[in-house]
Every structure is written in structure tokens, then in C-alpha cells.
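In what follows, a single structure is set out as C-alpha cells and then discussed.
The values are calculated or read from the model by the stated rules, or taken from the named source; none is laboratory data. If you're wondering where the values come from, they're calculated on a predicted model, not measured in any experiment. Using ideal geometry, Cβ is built from the backbone for each residue, glycine included, and neighbour counts are taken over all protein chains shown.
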Amino acid sequence: MSGLKQRRMLGGIAVQITALLVGLTIIFPIIYGILGAFKSPAEFSAYPPSFWPKSFAYTQNFQDAFARVPFLRYGLNSLIVALIGTTARLLFAVLAAFAFAFYDFRFKKTLFLVILATMMLPGDTLLVTNYLTVSRLGLLNSYLGMAITSFVGATQMFMLRQSFLTFPRDLKEAGQIDGCGDLRFLATILLPISKPVLVTLSVQSFVTLWNAYLWPLLVTNSTNMRTIQVGITMITSFEDTNYHLVLAGVTLSLIPAFLLFIVLRRNIHRNMTAGALVG
Amino acid sequence: MTKRILPLLLAALMLFSLGAQAGEAATLVFWHSMSDETGLLLDKYVNSFNETIGKELNVTVEAVFQGQYSDATTKLNSILTAEDYGQLPDVMNLDATGKVAYFNSGRAWTMDDALKADPDYDISQILPITLGNWAFSGVQLGMPFAASTTIMFYNKTMLDQAGADAPETFQDIITLSEKLPEKSDTGLDIIAYSVLPNTPTLANWLGQLGSYVVNNKNGSEAMATELACIDNGALETFLTEWKGMYEAGALTNAAGTTDQFVAGQLAVLTTSSSNVTSLLEKIGGAFELGAGYYPRVNAQASAGATVSGSSLVMFDKQDDAKKAASWELVKYLASPGVQAEFAAATGYVPVNRGALEEAGYQALVAEYPQYAVAADQLAATPAEMSSVTVGPAKDFYYAIQDNIAMMLDEDLSVEETVEIMADELSGLLYQYQQANQ
């Protein structure tokens, strides 16, 4: 082996190890949380603390969590809100991004800057005004009310526009001459190519909506319209620390996001390679 | 076609809904922040109210969990800002974070109002110090519901083995630490006492010395504008005793945790009295749990600590029948029976004197005397002692904590520390005042 090759290999190993360490650091709290869901209260207060639970057959925490909070119903509520929100958000983002990428119109730059500017507003400052709007629309205590504020997202719009801009405009115009209209171009050419971006944005959007806490709490009043994050607060004890139950709840709430990621992850990969071959 | 049918349909719908309302019981909305087991208990009380008094009055109470107290207060503030008063609940479980919002809501139907409408209610059955916690600017806002105070827990087995008595003052903790062994059976370093003072703990210890931390009775009567513990020397007295305890090796300059206490590493733990049930559970018989009054700064200091917890407040939904029913619910939740059971199950202090006479509560105290300590301590606490309400709550909290910790870490003199704290804390109050005029 030549010196250069050896050095390159060593460098590769160093990069891999660093990546592994960073990855482990990021995922450690999640793993520790999941392991914690299988620990008994006594194991939690044991000193020094243990990393592994005594037994993975200990499911009392999950049973208790289910007995206290209707997790299935709350999970369903969260799922509905997250799906409505994600679908609408992507739909509007795709259409807006298409316009900003391929159309020329007056004040295009200004409008785009206005949209970008909304990203600078912290969500909390909009809480009261959004509440007022949703309340006047008569949408309190409904799925639509919980999801509607997430229908338009500047981040998604921006990301998609950037992605669309990489598509050669000449190619689109060539298609247009051959009779390929805007909608057809969008649906049959642009969207399939942009699948990796779309998938990434969907996952990110779904997880954000799934994890939403304050807004769903604010606009719902009846107990059976609660979302899963509110459910987790319901088993949190205010005066005491019952981490075992809370972690069981958190572990349950992680499942859909994990599933979604596993299913869509393949998609991201496949399309990345597909894109590479075409390029 | 549709134009003609639509009004007809709507009219039919309206008639239908009117008909439905007349027969059904009115719904009373009750927001609370009681989670976990406490939440289940509250549901139980609400159900039994619905089955009894509710049936007589033809109302059904709907108990809704609204997140933690601070979340519920955010929700309350949103509704008030939006002037969407129809969304307000009839009764709400509020902690200190929501006190001012409720007072300023313009829709408050305070406990004073309810008492005017119901002069027969015997208010003397409610512990005055818990009532005082929910008075603001001379108005009794609501009824105390869950009350807790800070008490001292100690590892009785460890103390007995060392031949030490339960400490009452800082000096006693020093004496105790001299008797304790250096290491536990499991090889852990034994700590006598471990606390980082912050706003509530400082309010307790200065309160024992007859002083407030800030003016206007710790901000309970009006916005606090300046410190009230410098000129009277109270802060200096406290810091002197505190430093003495540290220098004698009895105090560790860190926040002692429940886990350390349960593991048999910490001899004395000061924490909320409502932790008694969970502490007993966690210790599970590994050692005997002792409970006593909150330690006193010195032999001259009075006993006790401030009260915290939550209250029940009512809103004016412009419906006299609902208001009357709300008051009935509040009275029921503060009644001796409910308070006795609630206290026994959670470790909160009963706010109703009558609860102490209930058979269930007495049986519990006979078996676990630890439960009685908080109620006894509250009865012994001077009624003027009040928790601190300041605008810059968070900064204030950390300024106290950091400066006292720094005094011990960097061996600053007491006089120096008093000066630094006076500067920094007054500065925070002044800035808040300037920003909120």
C-alpha cells in the first residue's frame, strides 16, 4: 500500500469515528429515554444510576401510561392534525415555490422577501392574534383549528423554490412549445424530480406538528380533542418526578415519527441515486 | 331553490338545539392543571359532585386538564387579550402565575363576591395563612385548594445510629454533621445538608426573622419596588449563619436531590411537604423517614415557611345560576371530606380545619406521623409570612442563588455579599419598574 493510500484510509477512519461520535452524542438522550421507559421507579432512584434497565419485560410503565391517558385517541388526534397540516403546507408551498421559480411578475422580489421575513417572527408573538383569528372563524375545538396555522410555511416555500430553481428553465420552455402545460409539467416532471426535497420537508413538517404542544392546547377545550403531547403532560407530576411514566409516554409518541422516517428514508436514497444517474 | 330551503333548515336546527338545551343539565366548565394521580383524584371528586349536588342543581361539571399552571395562564391571557370571554371557564384552578391575570381580567367573580351572595358560609374553617396566599390588593380572589409548604425530611435511621436528634436550627445541623459518619454502608460520602438558597427559600428564612425580601409585603399587596431586608440586617443575619454552617462542614454548596436522600447519602432534605407520599414510596422501608419543621436560621427565629400551591377562582359568565353552581363546586372541593382525602392521597396540607378531624385523615396521621408535620407547621407559621411576587422573577431567583453560592465558593465576606446582592437585586427591580411604567 502506498503512503498516500494509507494516509487517505487513516483520514477516512478518522472521519468515520468523528461522525459516529457526533451521531451517538445526538442520539444518546433518545436511547437513554427509551431504555428509561423500561425502568421501575426504584431503578430510577437507584444511586449511582444505571444505563440498562434490569429487564425489557417490565412493561408496567406503558400499562400505567395507557391506564391514565387515552393515548390511542390522542395519537389519532395528533395524526390527523399532523397529516392535514403537512399536506396543506406542502401543497401551498409547492404552488408558491413554482410561481416564484418559473413566473415573472411585478414585485416578485419584494413579495418573496416578505415571505422570508415571516420566518423571523417567533411563533409565540403570534399566539394571541392567531387565537383571535381561529376563534372568530369558529374553529375552536376542531382539527382544522389546530392545523390551520401551519398551512403556510415560509421555510418550506423557500426550500422548494431553491430546489425548483436548479431545474433548467430552457427545458421547461422546450416542453411548453411541445404543449406541456404548467400543471402537467409540475405534476409529471418537476415533482417527481423533487421527491427527495418533498420527502424531507414532509418528515420535518410532520414531526413539528406531531410535537406541537401549546397551540393545540390553546385552541381545544374538550378532553377528547387533546393531542399526544398534552397527554404526556397529563402524566407528568407537578410536585414529583415520575420520569418512568413520562418516558413511557415519550417512547410511545416517538413511534409514528420513527415509522415515517424508516418508510420514507428509502425514498430519499432511491431518488438521490436516480437523480445521480440522470445527471 | 337552496335559498329557500336554507333558512328553513337553519330554523329547524335552531328549534332543535333549543329543545335539547331545555331538558339537559347546564354544563359548568372547570379548568385544572392537576396531572398524573392528582388529576385522577380530581376527576373522582368532580364525578361525585355531579352525582350529588350537581344533580340537585341540574348542572354537570366538565373537568378539563389545561396543561401545567403556566400553560393554563397563557391560555387565560390569550382569551383575555382576544376579549373572547365566552371561552372562559366557570371555575379555574390557578397557581401564583395566574394571580395577577385573574385580578386584572375584568371578568373575575371573586371569592369576596361569592361570600356576599352566601353570607352563611363559615370562612373561619379555612386556614387563614392559605387564604392569605390568594388575596391580592385587599381582595380575596379565590379559595385555596392544594396547599403545600416546605418542611424538613431526615433520615431517621442514620440520625439514630449517629446518636443525633432531629435538627431544629442551623446550629443543630452543625452539631448533627459532627456526629455523622464520613461514608455510608455503600461507600458514598455522607452529606448533612445541601441547599442553594433561591427566592422562595430566602423568603422562608428572612420571614422567620420577621423580615420581607422585598417591600409591599413581598409584593403581595402591590408591585415590589425595593428590597426590604437590607436596612433591618435580616439578610446579613441569614448570610452569617449560612456561612457558619458551610465553614463548619455541615453544608454542601449544591442543590441536594431527592435521589441522594433516598440513596442514603443526604441526611437532611428540605422540600415540599407534598412529596411525603412519593418519598415514602421511593424509600420503600430502606430507612425510617423522619419529618420536622423547616430549619430555623437561629434560636431567635420563629418557626415556619411560606405556603404555595393552587387555588380555585371563578369567572363571571353573566349567568347567576352558573355562578351559584360554581361556588357550590368550590365549596365542595374545599370541604373537610374532600380535603382530608386529597391530603391523605397526595401529601398536600388540608386547607380546611375540619379535615383534620376526619377519621380517614386521623388514621393516616396515626400510621404516618410525617403527614401531620406540614399542617402543624402551617398553624405555627406567622400569618404575615408571604411568598415573593416580583416582576423579574427568573433573574431575581438566579441572582440570589448565584450570589450566595459565590459567597461560599470564593470566600467573600458577608458584608461584601450583602452589598453585591443589594446592588444587583435592587437593580433588577428598578429596571423592571422602568420598563413597565
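Scan the range B:255-264 and give yes if some residue there is closer than 25 Å to B:Glu168 by Cα and away from chain A (no Cβ under 14 Å), otherwise no.
No, there is no match, as no residue in the range B:255-264 is closer than 25 Å to B:Glu168 by Cα and away from chain A (no Cβ under 14 Å).
Does at least one position in the range B:384-393 carry a residue that is aliphatic (A, V, I, L, M), surrounded by fewer than 17 Cβ atoms within 10 Å (Cβ to Cβ) and in the same structural domain as B:Val313 (by TED's automatic domain parsing)?
Within the range B:384-393, none of the residues are aliphatic (A, V, I, L, M), surrounded by fewer than 17 Cβ atoms within 10 Å (Cβ to Cβ) and in the same structural domain as B:Val313 (by TED's automatic domain parsing).
Answer with yes or no whether A:Ser40 is touching a His at 6+ places or on another chain (Cβ under 8 Å), within 14 Å of another protein chain (Cβ to nearest Cβ) and of a type outside the set (A, V, I, L, M). Spell out the reasoning first.
On the way: touching a His at 6+ places or on another chain (Cβ under 8 Å): yes; within 14 Å of another protein chain (Cβ to nearest Cβ): yes; of a type outside the set (A, V, I, L, M): yes.
Here the answer is yes, as A:Ser40 does meet what is asked.
Return yes when B:Thr74 is at pLDDT below 95, part of a helix (DSSP H, G or I), among the β-branched types (Val, Ile, Thr) and under 18 Å from the mean Cα position of the chain (by Cα) and no when it is not.
no
For the range B:387-406, which positions are closer than 12 Å to B:Pro197 by Cα and aliphatic (A, V, I, L, M)?
Correct list: B:Ala399, B:Ile400, B:Ile404, B:Ala405, B:Met406.
Could you list all residues from the range B:29-72 that are aliphatic (A, V, I, L, M), in contact with a Gly (Cβ under 8 Å, 6 or more places away or on another chain) and either more than 11 Å from every other protein chain (Cβ to nearest Cβ) or under 20 Å from A:Ala67 (Cα atoms) (or both)?
B:Val61
Got a sec? Which of B:Glu247, B:Glu178, B:Glu221 is assigned by TED's automatic domain parsing to the domain that holds B:Ile283 and under 22 Å from B:Phe261 (Cβ atoms)?
B:Glu178
Kindly indicate the residue of the range B:128-183 that is polar (S, T, N, Q) and under 14 Å from the mean Cα position of the chain (by Cα) and also surrounded by the most Cβ atoms within 10 Å (Cβ to Cβ) among those meeting that condition.
Ranking the candidates gives B:Thr149 first.
Does the range B:232-261 hold any residues that are under 18 Å from B:Asp409 (Cα atoms), touching a residue at least 24 places away in the same chain (Cβ under 8 Å), assigned to a helix (DSSP H, G or I) and of a type outside the set (Val, Ile, Thr), and which are they?
If the condition is that a residue be under 18 Å from B:Asp409 (Cα atoms), touching a residue at least 24 places away in the same chain (Cβ under 8 Å), assigned to a helix (DSSP H, G or I) and of a type outside the set (Val, Ile, Thr), then B:Glu236, B:Phe238, B:Leu239, B:Glu241, B:Trp242, B:Lys243, B:Gly244, B:Met245, B:Tyr246 are the ones that fit.
For the range B:76-90, does any single residue satisfy the condition of being free of Cβ contacts under 8 Å to residues at least 12 places away in the same chain, in the same structural domain as B:Tyr332 (by TED's automatic domain parsing) and under 26 Å from B:Glu37 (Cα atoms)?
No, the conditions are met nowhere in the range B:76-90.
Based on what the data block shows, is B:Lys217 within 20 Å of the chain's Cα centre (by Cα) and either modelled with pLDDT under 90 or within 14 Å of chain A (Cβ to nearest Cβ) (or both)?
Yes.
Step by step: first the residues of the range A:210-222, then only those that are crowded, with 17+ Cβ neighbours inside 10 Å and more than 7 Å from chain B (Cβ to nearest Cβ), then the one that is nearest to A:Pro53 (Cα to Cα). Which residue is that?
Taking the candidates together, the pick is A:Trp210.
Take B:Gln318 and tell me if it is polar (S, T, N, Q), closer than 24 Å to B:Asp118 by Cβ and surrounded by fewer than 16 Cβ atoms within 10 Å (Cβ to Cβ).
Criteria met by B:Gln318.
Which one of these does B:Ser308 not meet: (1) hydroxyl-bearing (Ser, Thr, Tyr); (2) more than 9 Å from every other protein chain (Cβ to nearest Cβ); (3) assigned to a helix (DSSP H, G or I)?
(3)
Given (1) farther than 20 Å from B:Lys323 by Cβ; (2) away from chain A (no Cβ under 14 Å); (3) without any contact (Cβ under 8 Å) to a residue 60 or more places away in the chain, identify the lone condition not met by B:Phe103.
Single failed check for B:Phe103: (1).
Can you name the residue in the range B:266-288 that is outside any helix (DSSP H, G or I) and surrounded by 22 or more Cβ atoms within 10 Å (Cβ to Cβ) and, of all such residues, is nearest to the other protein chains (Cβ to nearest Cβ)?
Residue satisfying both the conditions and the ranking: B:Leu266.
Can you go through A:Phe92, A:Phe100 and tell me which one is over 30 Å from B:Leu279 (Cα atoms), assigned to a helix (DSSP H, G or I) and in contact with a Lys or Arg (Cβ under 8 Å, 6 or more places away or on another chain)?
A:Phe100
For residues that are surrounded by 11 or more Cβ atoms within 10 Å (Cβ to Cβ) and either away from chain B (no Cβ under 14 Å) or touching a strand residue (DSSP E or B) at 6+ places or on another chain (Cβ under 9 Å) (or both), tally how many sit in the range A:103-135.
Counting residues in the range A:103-135 that are surrounded by 11 or more Cβ atoms within 10 Å (Cβ to Cβ) and either away from chain B (no Cβ under 14 Å) or touching a strand residue (DSSP E or B) at 6+ places or on another chain (Cβ under 9 Å) (or both) gives 8.
Counting only residues that are within 14 Å of another protein chain (Cβ to nearest Cβ) and either in contact with a Leu (Cβ under 6 Å, 6 or more places away or on another chain) or assigned to a helix (DSSP H, G or I) (or both), which one in the range B:321-348 is surrounded by the most Cβ atoms within 10 Å (Cβ to Cβ)?
Here the residue is B:Ala343.
(1) among the small types (Gly, Ala, Ser); (2) within 14 Å of another protein chain (Cβ to nearest Cβ); (3) touching a Gly at 6+ places or on another chain (Cβ under 9 Å): which one isn't true of A:Ser150, the others all being true?
(2)
Would you mind telling me which numbered condition in (1) surrounded by 13 or more Cβ atoms within 10 Å (Cβ to Cβ); (2) modelled with pLDDT of 85 or more; (3) within 14 Å of chain B (Cβ to nearest Cβ) A:Ala67 fails?
(1)
Is it the case that A:Pro196 is within 14 Å of chain B (Cβ to nearest Cβ) and assigned to a helix (DSSP H, G or I)?
no
Only one of A:Met225, A:Met234 is touching a strand residue (DSSP E or B) at 6+ places or on another chain (Cβ under 9 Å), within 26 Å of A:Asp64 (Cβ to Cβ) and either more than 13 Å from chain B (Cβ to nearest Cβ) or not β-branched (Val, Ile, Thr) (or both); which? Outline the logic, then answer.
Numbers: A:Met225 fails: touching a strand residue (DSSP E or B) at 6+ places or on another chain (Cβ under 9 Å).
Criteria check complete, one pass: A:Met234.
From the list B:Leu57, B:Leu115, B:Leu80, B:Leu159, exactly one residue is farther than 26 Å from B:Ala26 by Cα and either modelled with pLDDT under 90 or out of contact with any strand residue (DSSP E or B) (no Cβ under 6 Å at 6 or more places or on another chain) (or both). Which is it? Break it down into steps so the answer makes sense when it comes.
On the way: B:Leu57 fails: farther than 26 Å from B:Ala26 by Cα; B:Leu115 fails: farther than 26 Å from B:Ala26 by Cα; B:Leu80 fails: farther than 26 Å from B:Ala26 by Cα.
Every option except B:Leu159 fails the conditions.
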